[in-house]
Amino acid sequence: MSRLLLVAFDPTDALGGAGFAGALGLPFDVLLLTGQAAPGIGAEKVLATGWTELPPSDAIASAVAGLAGGYSHLASVSAMRSKDALARLAGHLDAPMVTDVIAAEGPSQFKRPIVAGSLIETVAVDGNPIVLTFRPSGFSKPAPGAEVAADNLNLPGTSAVTRVSVSSRGGARPDLTQAKVIISGGRPLKDADTFERVIGGFADAVGGAAGATRAAVDSGIAPNELQVGQTGKIVAPDLYIAAGVSGSTQHMAGIKDSKIIVAINTDPDAPIFEIADLGLVADLYQALPELQEKLKK
Amino acid sequence: MKILVAVKRVIDPYAKVGPLADGSGIDTTNVKFDVNPFDEIAIEEAVRQKEKDPSIEIVAVTIGGSECTEQLQKALAMGADRAILVETDQAYDPSSLSKELEAVVRSESPDVILMGKQATDGDNNQVGQMLAARLGWPQATFACNVQFSGGKATVSRETDTGEETLELPLPAVITTDLRLNEPRYIGIAGIVKARSKPIDRRAPVTPGGTRVRSVKVESVPARAAGKKVASVEELMNELSSRGVGA
Ligand SMILES: Cc1cc2nc3c(=O)[nH]c(=O)nc-3n(C[C@H](O)[C@H](O)[C@H](O)COP(=O)(O)OP(=O)(O)OC[C@H]3O[C@@H](n4cnc5c(N)ncnc54)[C@H](O)[C@@H]3O)c2cc1C
């Protein structure tokens, strides 16, 4: 039987699932790994593990493997947490897997970016079940209906791994993958204080999220969860402002789906200008405060 | 303690590549190949651990054609003790790779498997986790700090929202992220020394093959050419005309 299990790490994670299931042309159920109720997105069944927090990925993979029986497809929104757990799930099930699906041509043919997003590969998958992670920006997002309470399965969450500590720096700013406006900074932001003041301050003024390049993260200017690109977050805001970002292939891999890209860079030949919709050759320390003032809500 | 490091030969991550004219794959004419940067970080990590504990043995393994000896030579030059080439012309997908790697693990019985979190060509991010599941070993993906002591690994890993630290009983699979370390520069001495280190060539023991078949490779549709503006004011006008901040 062809049926999709949408594995949602939390209730908001489920939101992007309806469009994805539609593109596959499959009926679907939602499994909430955390949370008790899912947004109304047309799932036939809404199930919940009963977990109050996410256990390590080995526990997630075994729990989901136990439910996989009735499904031809198991899928989650692409993120570090889903790649960690679903690839392990695919290993358990001996299932083929496709990561970062951006388009579906029916239930077994998918498009995905490869080589730092510089090429798109279409793959045909032969297997049952198929494990997938997908980028919601590639799929329609119907407005959710009334919340649906989940059937609690009380699944075990035992792991061989002990979580010793968690440091989550996430503050009041919107999540990069959800934000409508993103302001990103690169190496010229100098240090963590300057980044927070200039980029963080801009983000707060316009109600957006802050992002960073790998160079900025590697040199301690920005925390790792703000990295945008091939190996960081893939973003799709209405407006992406890149300030002091050279525009490496790896960084562009993460921003191509933005509606409008603005680049501010002192170097007129910086590659970022090749993909920016609007480019301003200027010192970010002068241009950003002025732009912030004008964009401020 | 024995550390097995899995290494992949990939297109130079800084090269610009396009599709073949018939869309059947990636055009690799005049493109250099190198060790997947994430795997290079994995080798570096193994070597740093060995510098702290000289009793560690480091075995590098790759699955592929004989040209992959280049990448194994690099691993040996960085400090791996020996290498295994599972020599094959077969196509593999992450799932079949994890099966062949599982066979290597069964024959080598390492305490730790270190490998990149993803390869920069396929960007799949699957093999380490699939291998861990097959072996029934715990995993720590996206590692940014690794310590071993008393039969356990303590691994800090990058997450979507920050970082977390896990304690894993060994044996375990650890996949590396960019900030774990900066791989060393290889000197002539290392390259010379690598020549005398053994590379064991063996035939695959699993059928290989791929259930994720490439149908077409194409370029990304280009974004429409952008426009340069001369001032923040002009930028605001352009944004307003596109419905932003109006
Ligand atoms: C395997 C691998 C994975 C990678 N993954 C990622 C990834 O996910 N994300 C990512 O971002 N990178 C990634 N990279 C790194 C990438 O190749 C680049 O090194 C990085 O993106 C460069 O960051 P940057 O633009 O901040 O720095 P730089 O390249 O140093 O650019 C700084 C820019 O700022 C401009 N500038 C300087 N001063 C000012 C000023 N006052 N005002 C305005 N402009 C100024 C300069 O002209 C320059 O263009 C990866 C690399 C590898 C090998």
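The values are calculated or read from the model by the stated rules, or taken from the named source; none is laboratory data. In this text the structure is predicted, and so the values were computed from the model without any measurement. Note: ideal-geometry Cβ built from the backbone for every residue, glycine included; neighbour counts use all protein chains shown.
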Requested in this report: Scan the range B:1-37 residue by residue and report those that are outside any loop (DSSP other than H, G, I, E, B), touching a Pro at 6+ places or on another chain (Cβ under 9 Å) and within 14 Å of chain A (Cβ to nearest Cβ).
Outcome: B:10, B:26, B:27, B:34, B:37
Report task. Can you work out which of the residues in the range A:157-200 that are facing chain B (nearest Cβ under 9 Å) and among the basic types (Lys, Arg) is nearest to residue B:161 (Cα to Cα)? Result -> A:169
Query raised in the report: Would you call residue A:199 in contact with a strand residue (DSSP E or B) (Cβ under 9 Å, 6 or more places away or on another chain) and either part of a helix (DSSP H, G or I) or more than 16 Å from the ligand (Cβ to nearest atom) (or both)?
Result: yes
Query raised in the report: Would you pick out the residues in the range A:238-258 that are over 17 Å from residue A:189 (Cβ atoms), within 7 Å of the ligand (Cβ to nearest atom) and in contact with a helix residue (DSSP H, G or I) (Cβ under 8 Å, 6 or more places away or on another chain)?
Result: A:250
Report summary line: Filtering the range A:232-251 for residues that are assigned to a loop (DSSP other than H, G, I, E, B), in contact (Cβ under 8 Å) with a residue 40 or more places away in the chain and of a type outside the set (A, V, I, L, M) leaves a count of 4
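Scan the range B:143-177 residue by residue and report those that are acidic (Asp, Glu), facing chain A (nearest Cβ under 7 Å) and closer than 24 Å to residue B:8 by Cβ. Break it down into steps so the answer makes sense when it comes.
Initial filter on the range B:143-177 (acidic (Asp, Glu)): B:158, B:160, B:163-164, B:167, B:177.
Next, only the ones that are facing chain A (nearest Cβ under 7 Å) stay: B:158, B:160, B:163-164, B:167.
The one that is acidic (Asp, Glu), facing chain A (nearest Cβ under 7 Å) and closer than 24 Å to residue B:8 by Cβ: B:158.
Quick check on this structure: which one of B:71, B:129 is within 12 Å of another protein chain (Cβ to nearest Cβ) and of a type outside the set (Gly, Ala, Ser)? Give the steps one after another, and end with the answer.
Values: B:71 fails: within 12 Å of another protein chain (Cβ to nearest Cβ).
Answer to the selection: B:129.
Of all residues in the range A:272-287, which are modelled with pLDDT of 95 or more and surrounded by fewer than 18 Cβ atoms within 10 Å (Cβ to Cβ)?
Taking the range A:272-287 first, the residues modelled with pLDDT of 95 or more are A:272-273, A:276-287.
Within the range A:272-287, A:281, A:283, A:285, A:286 qualify.
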Requested in this report: For the range A:169-185, enumerate the residues that are touching a Leu at 6+ places or on another chain (Cβ under 9 Å), within 16 Å of the ligand (Cβ to nearest atom) and in a loop (DSSP other than H, G, I, E, B).
Outcome: A:176
Query raised in the report: Just wondering, is there one or more residues in the range A:259-277 that are over 27 Å from residue B:230 (Cβ atoms) and more than 9 Å from every other protein chain (Cβ to nearest Cβ)?
Result: no
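Of everything in the range A:1-30, what is free of Cβ contacts under 8 Å to residues at least 24 places away in the same chain and touching a helix residue (DSSP H, G or I) at 6+ places or on another chain (Cβ under 9 Å)? Give them in sequence order. Before the answer, list the steps.
Narrowing the range A:1-30 to residues free of Cβ contacts under 8 Å to residues at least 24 places away in the same chain: A:21.
Listed by number, the list is empty, since nothing qualifies.
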Report task. Return the only residue of B:194, B:143 being outside any helix (DSSP H, G or I) and more than 30 Å from residue B:20 (Cβ to Cβ). Result -> B:143
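Name the one entry in B:57, B:40, B:45 that is farther than 21 Å from residue B:97 by Cα, surrounded by 18 or more Cβ atoms within 10 Å (Cβ to Cβ), in contact (Cβ under 8 Å) with a residue 12 or more places away in the chain and more than 13 Å from every other protein chain (Cβ to nearest Cβ). Steps first, please.
Numbers: B:57 fails: surrounded by 18 or more Cβ atoms within 10 Å (Cβ to Cβ); B:40 fails: farther than 21 Å from residue B:97 by Cα.
Checking each option against the conditions leaves just B:45.
Please verify whether the range A:259-266 includes one or more residues that are near the ligand (Cβ under 7 Å from one of its atoms) and in a strand (DSSP E or B). Reasoning before the result, please.
Taking the range A:259-266 and keeping what is near the ligand (Cβ under 7 Å from one of its atoms), we get A:264-266.
So of that shortlist, the ones also in a strand (DSSP E or B) come out as A:264-265.
Yes; the residues of the range A:259-266 include at least one that is near the ligand (Cβ under 7 Å from one of its atoms) and in a strand (DSSP E or B).
Only residues that are assigned to a loop (DSSP other than H, G, I, E, B), near the ligand (Cβ under 8 Å from one of its atoms) and not hydroxyl-bearing (Ser, Thr, Tyr): list them for the range A:202-231, please.
Narrowing the range A:202-231 to residues assigned to a loop (DSSP other than H, G, I, E, B): A:207-208, A:213, A:219-223, A:229-231.
Narrowing the set further to residues that are near the ligand (Cβ under 8 Å from one of its atoms) leaves A:213, A:229-231.
Matches in the range A:202-231: A:229, A:230.
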Report summary line: Per the list (1) more than 10 Å from every other protein chain (Cβ to nearest Cβ); (2) under 30 Å from residue A:134 (Cβ atoms), residue check on residue B:140 breaks on (1)
